[in-house]
Amino acid sequence: YSKKNGRNGYAFYFDELQTDSQRVLLLDAELRKAIENQEFELYFQPKIDIEKDTIQGLEALVRWNNKKLGFVSPAEFIPYAEETGLIIPLSEIIINKACEAVIELQKFGQKLPIAINISSIHFKQQNFLESIQTILERNNTPANNFEIEVTERTVMNSAAETVSKLVRLKQLGFKISIDDFGTGYSSLSYLVRFPLDCLKIDRSFIQHISSLDEKQAVVDAIIQMSHRLKMKVVAEGVEQAQQVDILRKMNCDIIQGFYYSKPLPMNELLEFIEFWEIEHQGRK
Ligand code: C2E
Ligand code: MG
Ligand code: MG
Ligand code: MG
């Protein structure tokens, strides 16, 4: 690089830093405005029950298209929102939009549970339960329309408070899933203590599953363990028919990934649901 722009390494490094910090400043300013103006949209990725051949539910994934920054990935702005505390108002916007999606789906006679990703920062807030309940009540959308996705990290310390929050969420009617399972470097003891419905096996275990025996062994073990603990298993990031075949043989319950569908905006989701129902008519 330094040769290309005729500068020494230090100057280049400095330039890079400057561009980075400029982007952070812009991101910060735009994110704050975006939260004020609710500049976000939810996309929905179908989760397929491979035994029944039905759409089992949807995962809501936030999308942000900004005038100055263009499309910004949640992998960039969610961590930044977590660092700055902006995740709390953002998370409330997302939950509210998920409620609106439930209502929209009802208009079309659809009742598919929507999984919402909850940041550990929001989950750990003392008033998390009140905050989510208030939004649901305002929209008149009961908790049994939703699933909460939390990562292992969020529930890792099985503090009494974490357990009681999860128990109360269950009592309210939410389903609870562990997201990105296998990437959290945590002990498995929480699996026994917590009232969990679903484990989502991280995409990194699903990648190369058709060619690597070791990955198959781990996925197979996770599925068997989950079933013995009365949990359903979702495989994340499934892209190929071969992966579906392998997962089917291992009795995986649910598949989510580009193989069936990318995350879709509401209008395209409704088309997907309609298409799926026509395709699978009579086979139910
Ligand atoms: P996640 O919750 O594990 O979501 C799954 C991610 O995998 C999504 O990326 C989805 O688009 C992507 N994906 C699904 N199927 C495939 C596939 O077959 N192949 C590949 N390569 N990718 C696939 P996305 O939407 O970019 O989100 C990334 C992460 O950002 C999410 O991981 C989640 O941790 C976070 N995130 C996204 N939306 C929200 C949100 O509304 N709230 C919070 N707190 N976090 C969110
Ligand atoms: Mg998720
Ligand atoms: Mg995940
Ligand atoms: Mg992930």
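The values are calculated or read from the model by the stated rules, or taken from the named source; none is laboratory data. What you see is a predicted model; the values in this text were computed from it and never measured. Counting neighbours? That spans all protein chains shown, and the Cβs are built from the backbone with ideal geometry, glycine included.
In the stretch 31-52, the condition of being at pLDDT 95 or above, in contact with a helix residue (DSSP H, G or I) (Cβ under 9 Å, 6 or more places away or on another chain), within 30 Å of residue 250 (Cβ to Cβ) and charged (D, E, K, R) is met by at least one residue. Summed over the stretch 166-198, residues that are within 11 Å of ligand 3 (Cβ to nearest atom), hydrophobic (A, V, I, L, M, F, W, C) and farther than 23 Å from residue 142 by Cα total 1.
Which of the residues belonging to the stretch 220-247 are under 18 Å from residue 258 (Cβ atoms) and of a type in the set (A, V, I, L, M, F, W, C)? Matches in the stretch 220-247: 234, 235, 238, 241, 244, 246, 247. Evaluation of residue 141 against the conditions (1) under 21 Å from residue 55 (Cβ atoms); (2) within 16 Å of ligand 4 (Cβ to nearest atom); (3) polar (S, T, N, Q) shows that the sole unmet condition is (2). Name the residue that is nearest to residue 163 (Cα to Cα), counting only residues in the stretch 179-208 that are within 16 Å of ligand 4 (Cβ to nearest atom), in contact with a helix residue (DSSP H, G or I) (Cβ under 7 Å, 6 or more places away or on another chain) and among the hydroxyl-bearing types (Ser, Thr, Tyr). Step by step, filter the stretch 179-208, then rank; the result is 186.
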